[in-house]
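Notes for the one structure printed next.
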Amino acid sequence: QLVVSGGGLVQAGGSLRLSCAASGLTFAGYVTAWFRQAPGKERNFVAAITWKGGNIDYADSVKGRFTISRDNAKNTVYLQMNSLKPEDTAVYYCAAGRIITTLSVPSEYDYWGQGTQVTVSS
């Protein structure tokens with residue numbers, strides 16, 4: 001089980017940090033990622049990080065503003081979001097998967113968190 005926390009309401013230009021903690025699951029060997037879904041839209045890739053952090057990828061829309069990281073000792077992955085924009089408003093989900101050939105494809109991930117709402121006001 002993945003437990004997501006840290007969402008909320010923030011003004012444009014502000015920051016939030018999301019956390020995704022694994023319960024009953026060890027992140028060792030897993031790729032972990034963040035996706036987001038706005039109302040009426042499909043779930044889109046935000047960022048991903050491999051187990052040892054050797055491979056990190058971001059969606060073009062968040063590069064330079066968002067940072068994904070993980071603390072393997074705490075079994076937790078984070079998404080630091082800075083310079084937030086109204087278009088970042090969405091429900092954010094974390095995901096984990098062992099065998100990922102394409103980081104940005106949701107169906108490749110085995111486990112999903114419950115999602116947290118991020119709302120950025122203009």
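What follows is calculated from the coordinates using simple rules that are stated; it is not laboratory data. Since the structure is predicted, the reported quantities are computational estimates derived from the model, not experimental observations. For neighbour counting, all protein chains shown are included, and Cβ atoms are generated from backbone atoms with ideal geometry for every residue, glycine included.
With contacts taken as Cα pairs under 8 Å at a separation of at least 6 residues, the stretch 5-122 carries a relative contact order of 35 percent. Of the residues Ser104, Ser23, Ser69, the one that moves most in a GNM of the chain with alpha-carbon contacts below 10 Å is Ser23.
Keeping to pairs on different chains or 8 or more places apart, tell me how many lysine pairs in the chain have Cα atoms under 27 Å apart. The number of close lysine pairs in the chain is 6. For the stretch 81-122, the relative contact order works out to 53 percent when only alpha carbon pairs closer than 8 Å and six or more residues apart are counted. The residue among Ser15, Thr116, Val31 whose Cα reaches farthest toward the positive pole of the charge dipole of the chain, with charges on the beta-carbon of Lys, Arg, Asp and Glu, is Ser15.
The distance linking the stretch 57-112 with the stretch 1-43 is 7 Å (Cα centroid to Cα centroid, whole angstrom).
Highest mean packing comes first when the peptides 10-16, 30-36 are listed by Cβ atoms within 10 Å, giving 30-36, 10-16.
Restricting the stretch 42-122 to GluC sites (Glu not before Pro) that sit in a DSSP loop and have at most 12 other Cβ atoms within 10 Å of their own Cβ leaves Glu42. Taken over the C-alpha atoms, the stretch 41-112 has Rg and Dmax values of 12.2, 35 angstrom. Rg/Rh for the chain (Cα atoms only, Rh after Kirkwood) is 0.94.
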